[in-house]
Every structure is written in structure tokens, then in C-alpha cells.
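Here is the structure we will look at.
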Amino acid sequence: MNLLLVGMNHRTAPVEVRERMNIPEPRLGAAVADLVHREGILEALILSTCNRVEAVVSSREEVNAEPVLRQFLADYHHCDLSAYEAYLYWHRQQEVVHHLFRVASSLDSMLVGEPQILGQTKRAYVIAREVGALNGPLSEVTSQAFAVAKKVRRDTAIGSAAVSVSYAAVELSRKIFGNLSGKTIFVIGAGKMSELAAKHLLSSGASAIFVSNRTYDRAVELAQAFRGTAIPFEHLLDNLAKADIVISSTGAPHFVLEKGQVEKLLAARKNRPMFFVDIAVPRDIDPAVNELNNVFVYDIDDLEQVVDANKKQREREAVWAEEIVRDEVQKMMKRLASREVVPTIVALEDRLNRIREMELERQRGRLQNLTPEQREALDALTRGIVNKILHGPITELKSGAGQPGHGTLVELIRKMFGVAE
Amino acid sequence: MQSTFLWLALLLYALGIILAFPSVLRRRPVLSPATLGALGLGLLAHAGALGIEASAIHRLPVFDVRSALSFFSFLATVAFFFVYLRYRIAALGIFMLPLVFVLTLISALHPEQNFNNPAFRGGWLLVHISSIFLGYTAFFLTFVAALMYLIQERELKSKKPHAFYYRLPSLEVCDNLYSRSLVFGLPFLTVGILTGFIWASRRWTGPWEFDPKILASLLTWLIYLVLFSTRLSGTWRGRRAAYIAVFAFAAMMVTFLGISFLSGQHGYLPKFGSNP
């Protein structure tokens, strides 16, 4: 096995460079096919997203794939690669496995734990398979990377906390109301942000939506888009008690809702909890409302604060995830290594056993007077000799498997015992 | 034999609690099979201990402080399994089981007292005691739910999520568990107290109505009744109700344990024997 990876990501290269080196998905198949047909290359995989471009190959043992990859990138992008040298990283063998596992598990992402990268990696894998560029160890490593990513997701909370403001609003709603089905949303003031938050809430199961806006037409428009109900701004307070979640983003220069008004709403609601998401600046909802029982008011800064805490939480989880990945890399390396030496071991055993049988056959004439016991003893004796001879080389083959330079040792043993490729 | 089983149960509970911690710390959505296995086996051992004692004294082993504690913690573990299977809250293991462990430990450390008094027989008494214990178990759940609610509510109000924010269930789930256990517990406590009255009025002479434990029970019952009715009307909800539920459970524990030592009729052994 001979793996080599070259790549650049959001940490090593600025966006202009990543754009320049990007390979758009419709052309990915042709690019992989081009790469895999180059001299000495057995398998190839190209991953190209807005945050990273990576090309991985497995090549024949004696081939150094680095110049091939350089040439490929220079040809493909019609450029002089030396200008980009500083942005590139190179990984070999185990580092390649480690890198691919980390990428698929979203540990190398800009937002650690975001799941998109897994889908993109799967897509790259499918494309490479379609053009017949994956059929050996690299294929195995890549599909194992998906299993590892799944395990990381299952065993850590790396992807579970919201890292955007609008998702943080959904997550907080869930922390208050549990299941959102049957919950009513009230949007005050139509704006991009409130629209987005309402959309997320609806797709998380919230059932009814009311929209109110100073310009009634805009409210009607938005209500139609969400299949909700528009409420004239004058009637806002009469209808607000129906709402479990209120998203407010008016351009009003003063508070739209004050403590006393919300107290009345609560009485009408028999103290069922309410969640106010105030994304207006200046704020729409008097922060004193948060002092009321069963009411939670989050303004835009509060939401940002939650997002920050969530990101830190993800980083803590990433430490566990890295540990899982490291374990899995070790397992993968062992598997690949044993996969490599197995044919040699089998050939070796075969070869020596054949010699043993041939020699016994040659001496058959002289041995025909032996008793069955003696014959058995002779059999055990020769078998013992073969196993004793085999023991050394097999141990060497197994223990050194996967380590650098092992290929030459394998080669040497093959030559010594006359086992052909 | 019985205490061997009890110690075994204790050991398994401890193992279960220790195994539950990493799941909760690492925010696994559920407890590991090993945790549940240890707790389940612990429960079986506990049932074994209770069964042996019951067959020795030919009745429910709840007539002295030691067995009563053991019986209560057994029911609490059963309740844990019920609630865990229904709600799948890993943190429940951290909130419920340590108390179970401590109560079982006290019970196991207490010297054996073989209580056998023919005065303590009869159907009413059985109903009295089992209802009271079921009520206690339900209110233990109410207490745990209220506690989780208070912590989660504080996290949400503070707007700075800490460790608990990520590990505790939503307010809605806490509230749901809270009100269900309240609705479950109150009828049992009511039946328990009523049958206690009936039994006492038939068996006891003298001013048993002023027994401290009976008075304390009535007080606890009143608090729960208030919680229940304000919950129905919606006047008390959330934080305030949760605080009272925590207080009510503390009052109940005092009734259950503390006053047992002051009460004449409920004084358990050895004070009781000379008194009826």
C-alpha cells in the first residue's frame, strides 16, 4: 500500500486560492479518471468543497506519486504549481488515513461538527467509484472513514449544539417546550432573520403561525408564505396570548412589549410558558420581562452567547472524537497491513509444504517398509521442520506490517524463499 | 442470607451509578447497557432480600426503619426504571440513584431487628402501608422532576448555558414528569392516610390523633393537595411550584424518618412494643 494525499483547506489557503484550485462537481468524474490513469497510480479520490481541495492516490509500491500529483494539478489548472506550494499539505500512509477520518468526522471543518462534509465526502467517493478509480486499499480507507464519522456522531455530542443564531433559537425552544409540535409561533415585524427563525421552527414541528407587522400588506405576504394568519398591528396584544414562541424584529425605536402587558398575557395563558426571541436592535421587548416566572426573553446578544457556549461545548466533544479517530486509525492500519502480508504468508507456507511433499514423494521407494507409526512420526518430523523454518519469517512479516520500509523486507523474504509475485 | 442479598444489591447499585456518570458527562443520549444491566441485577438482588425477609416474617417487611428504608429504595429503583424507559433521560440516573443507594446503605448497616408483633396484621394495615409507600415513591419522582426543572430553568434564565443545560431534559419534560407523578401520588397518599385512620380507630385507644407522625403526614398531605389544585388551575406553575415540591418532599422525609423517633404509635421498635 502506498497512499499519498495533497490538499489545501480553509486554514492553509485563503479563499482566492481555494477558488482557483477548486474542481466543480460536474467535472470531478473526468478529473478523477484523468488522475487514476496516470503512470503508477492505482486508485484516486478528489474532494473539492468551498473549504478544501484534496486529491488522494494509492500508487504502486515502487512509485513516488508526488511528481504525478504535482503534474496533475498543474495540468488541470493550467498553472505553475510552485506559486501555490506554501498553501499545500502532503500526507503519506497512516497520515492519509488519519486525515481522511478526521475530515469525514468533521473534525477538520471550519465549524467543527457540521455534518455537510460527510455528504460531500460520500459524493466524492461515489463519483470516484463510478469512473472505476476506487477498488483497493484507498476505497477501503474511504468507506471506513464514513463508518468512523458515524461512530463519532453516535458516541459524542459533537454535532448536537446549535452554532447559528436561528438554530440556537430553535434549540432553546426545544429546551423550554420539548417537542415543538402543536406550538404556536408569533412573528412581530417581518424581516430576514425572523423569517429564517420561523422557518426553522416550523420545520421542527411548530404547527401554527401568526404574523403581525406595521404594514399590514407585508404581514399578509409573509403569512401566506408560511400558510399562517396575518394580524393587524393594532390587534397584536389581543392575539399574543395564543403564542408560545414570539419572534420580534420590528424597527420600533422603543419597547413594543413591556412587563405589565406580558403579565396579562400570562394570566390569560394560565401561566403556560412563553419564549420571546427579540432580534430587533434597538430591542422590542423590555428585558425586565425575563424576570417574570415562566417567561424567557432572549435578545440577539443572548443568542450569540448561547452560540459561543455551544461552540466551546463542541470543542470539548472534539477531544473525545479525536480519541475515537486515533483508535480507528490504528485498527485500520492493522487491517491494511495484515491484508498486505497475508498473500505472502500463504505463498510461503504453500511453497515449503510443497517442497516437503515432493521430497517425501521422491523417497517413497525407500520408505515403503515403514510401519504406520513410523510413517506418522516421519510426517510429524517433516512438518515440524517446515513450521520451525516458517516461524521466523512469518513473525517478521506480521510484526513489521504497516511500518515504513516493510515493503523491502517482504520483497527480500519472497526472493529468499523463491516465492514469485 | 437476606443481608448478603442486600449487600449484593448495594454493590450493583454502586456499580450502576458509577457507570452512569460517564454517560451523563459525555452527553450520551441514553445510559449504557452495562449501567442498566448492573441496576437491573441490583434490583433483582434487592427483591431477593425483601422476599427472604417477607417469607421469614410472613408479611411485607416494612415495620421497622431498616426494612422500611430498604422497601422504599426498592420501589424508587423500580420507579427509576419505569421513568427511564418512558422518558429516556440519562441524567435521571444521577438524580435518583444516589438517594436510593444511601437509603439502601443505611438499611444494610442497621442491625437486624426481627419485628414480629401480632398487633400489626390485617388488610387495612397492608393497604395503609403499601399506599403510603407508593405515594412516597411518586412524590420522590415529583421531587426529582422539580429539582431538574429548577436547575434547567436557572440555566435558561441565566442565558449562559453550563453543563446542566446540555444534560437535563426540557422544562416541558420536567413539568410533565412533575405533574404526572403528582397526580399519581396524591390518591395513594390519600388512601394511605384514610386507611390508616380506619385501622387506628379500630385498634388504638387514647388520643392517637395527636401522634406527631399523623399530624405531620396530614400537613404533608395538605401541601401536596395545594400543589395539585394550583397545578390544575394553573395559578402556580414552574419555578414556584417546583420550590414547594422540593420543600414538600423534604417535609415528607422528615415525616417518614425524623418523626418516627418521636411518635408513639409509629415509633417502630423497640420503643413501640410496650405501648399499644
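Restricting attention to segment B:229-246, which residues are away from every other protein chain (no Cβ under 14 Å) and surrounded by fewer than 18 Cβ atoms within 10 Å (Cβ to Cβ)?
B:V246
Which of the residues that make up segment A:145-157 are within 13 Å of chain B (Cβ to nearest Cβ) and either open to solvent by less than 10 Å² (accessible area, probe 1.4 Å) or not in a helix (DSSP H, G or I) (or both)?
A:V152, A:T156, A:A157
Could you list, in sequence order, the residues of segment A:406-421 that are part of a helix (DSSP H, G or I), open to solvent by 30 Å² or more (accessible area, probe 1.4 Å) and of a type in the set (D, E, K, R)?
Across segment A:406-421, the qualifying residues are A:E411, A:K415.
Taking the stated definitions as given, is B:R231 in contact with a Lys or Arg (Cβ under 9 Å, 6 or more places away or on another chain) and in the same structural domain as B:M148 (by TED's automatic domain parsing)? I'd like the intermediate steps shown before the answer.
Values: in contact with a Lys or Arg (Cβ under 9 Å, 6 or more places away or on another chain): yes; in the same structural domain as B:M148 (by TED's automatic domain parsing): yes.
In short, yes.
Which numbered condition trips up B:G185, out of (1) open to solvent by less than 40 Å² (accessible area, probe 1.4 Å); (2) within 19 Å of B:M96 (Cα to Cα); (3) within 14 Å of chain A (Cβ to nearest Cβ); (4) not aliphatic (A, V, I, L, M)?
All conditions are met except number (3).
Which pairs have Cβ atoms under 6 Å, sit 6 or more apart or on different chains, and link a residue in segment A:405-418 that is closer than 12 Å to A:E61 by Cβ to one that is open to solvent by 100 Å² or more (accessible area, probe 1.4 Å) and of a type outside the set (A, V, I, L, M, F, W, C)?
Listed pairs, sorted by first residue: A:G407/A:E61.
Take segment A:175-187 and flag every residue that is in contact with a helix residue (DSSP H, G or I) (Cβ under 9 Å, 6 or more places away or on another chain) and within 12 Å of chain B (Cβ to nearest Cβ).
The first filter runs over segment A:175-187 and keeps only residues in contact with a helix residue (DSSP H, G or I) (Cβ under 9 Å, 6 or more places away or on another chain), leaving A:175-180, A:183-187.
Result: A:K175, A:I176, A:F177, A:G178, A:N179, A:L180, A:K183.
If you go through segment A:211-227 one residue at a time, how many are open to solvent by less than 30 Å² (accessible area, probe 1.4 Å) and out of contact with any Leu (no Cβ under 6 Å at 6 or more places or on another chain)?
4
Listed residues A:V307, A:V325, A:V342; which is out of contact with any strand residue (DSSP E or B) (no Cβ under 9 Å at 6 or more places or on another chain), open to solvent by less than 70 Å² (accessible area, probe 1.4 Å) and either more than 30 Å from B:K157 (Cβ to Cβ) or modelled with pLDDT under 90 (or both)?
When all the criteria are applied, what remains is A:V325.
Checking A:Q305 against (1) more than 22 Å from A:A420 (Cβ to Cβ); (2) assigned to a helix (DSSP H, G or I); (3) away from every other protein chain (no Cβ under 14 Å); (4) free of Cβ contacts under 8 Å to residues at least 12 places away in the same chain, which test does it fail?
It fails just one condition, (3).
If you check B:F261 against the conditions, is it modelled with pLDDT of 60 or more and away from chain A (no Cβ under 14 Å)?
no
Looking for whichever is farther than 30 Å from A:A321 by Cβ, more than 14 Å from chain A (Cβ to nearest Cβ), open to solvent by 30 Å² or more (accessible area, probe 1.4 Å) and at pLDDT 85 or above here; the options are B:L8, B:L60. Which one fits?
Criteria check complete, one pass: B:L8.
What helices (runs of 4 or more DSSP H) lie completely within segment A:1-81 and have 2 or more residues being small (G, A, S) and either surrounded by 14 or more Cβ atoms within 10 Å (Cβ to Cβ) or without any contact (Cβ under 8 Å) to a residue 60 or more places away in the chain (or both)?
A:28-36
Can you name the number of the only condition in (1) modelled with pLDDT of 90 or more; (2) open to solvent by less than 10 Å² (accessible area, probe 1.4 Å); (3) part of a helix (DSSP H, G or I) that A:A288 fails?
Tallying (1) modelled with pLDDT of 90 or more; (2) open to solvent by less than 10 Å² (accessible area, probe 1.4 Å); (3) part of a helix (DSSP H, G or I), A:A288 fails exactly one: (2).
What's the number of the only condition in (1) part of a loop (DSSP other than H, G, I, E, B); (2) under 24 Å from A:K264 (Cβ atoms); (3) within 14 Å of another protein chain (Cβ to nearest Cβ) that A:A241 fails to meet?
Failing condition for A:A241: (1).
Which one is farthest from the other protein chains (Cβ to nearest Cβ), of the residues in segment A:158-174 that are open to solvent by 10 Å² or more (accessible area, probe 1.4 Å) and more than 14 Å from A:V307 (Cβ to Cβ)?
A:G159
What pairs come out if I take residues in segment B:226-250 that are on the phi > 0 side of the Ramachandran plot and pair them with residues that are outside any helix (DSSP H, G or I) whose C-beta lies under 6 Å away, six or more apart or interchain?
Here the result reads B:G234/A:K270; B:G234/A:N271; B:G238/A:N293; B:G238/A:N294, each pair linking segment B:226-250 to a residue that is outside any helix (DSSP H, G or I).
B:L97 - would you say it is open to solvent by 10 Å² or more (accessible area, probe 1.4 Å), modelled with pLDDT of 85 or more and not in a loop (DSSP other than H, G, I, E, B)?
no
Within segment B:159-182, count every residue that is over 16 Å from B:R86 (Cα atoms) and either away from every other protein chain (no Cβ under 13 Å) or among the polar types (S, T, N, Q) (or both).
Total meeting the criteria: 1.
Check off (1) within 11 Å of chain B (Cβ to nearest Cβ); (2) touching a residue at least 40 places away in the same chain (Cβ under 8 Å); (3) surrounded by fewer than 22 Cβ atoms within 10 Å (Cβ to Cβ) for A:M193 and give me the number that stays unchecked.
(1)
Looking only at residues that are touching a residue at least 60 places away in the same chain (Cβ under 8 Å) and not in a helix (DSSP H, G or I) in segment A:388-402, which one is farthest from A:M333 (Cα to Cα)?
Top of the filtered list is A:A401.
Can you tell me which residues in segment B:166-202 are under 11 Å from B:H128 (Cβ atoms) and over 16 Å from the mean Cα position of the chain (by Cα)?
Within segment B:166-202, B:V191, B:I193, B:L194, B:T195, B:G196, B:F197, B:I198, B:W199, B:A200 meet the criteria.
Out of (1) open to solvent by less than 10 Å² (accessible area, probe 1.4 Å); (2) more than 14 Å from chain B (Cβ to nearest Cβ), the odd one out for A:K199 is which?
A:K199 satisfies all of (1) open to solvent by less than 10 Å² (accessible area, probe 1.4 Å); (2) more than 14 Å from chain B (Cβ to nearest Cβ) except (1).
Please go through segment A:172-199 and pick out each residue that is at pLDDT 90 or above and assigned to a helix (DSSP H, G or I).
A:L172, A:S173, A:R174, A:K175, A:I176, A:F177
The values are calculated or read from the model by the stated rules, or taken from the named source; none is laboratory data. Remember, it's a predicted structure, so these values are computed and weren't measured experimentally. FYI the Cβ positions are ideal-geometry reconstructions off the backbone, even for glycines, and counts take in every protein chain you see. Ligands, DNA and RNA are stripped out before the accessible areas are found, and what is left, the full protein with its side chains, is counted by its heavy atoms. Shrake-Rupley method; radii C 1.70, N 1.55, O 1.52, S 1.80 Å.
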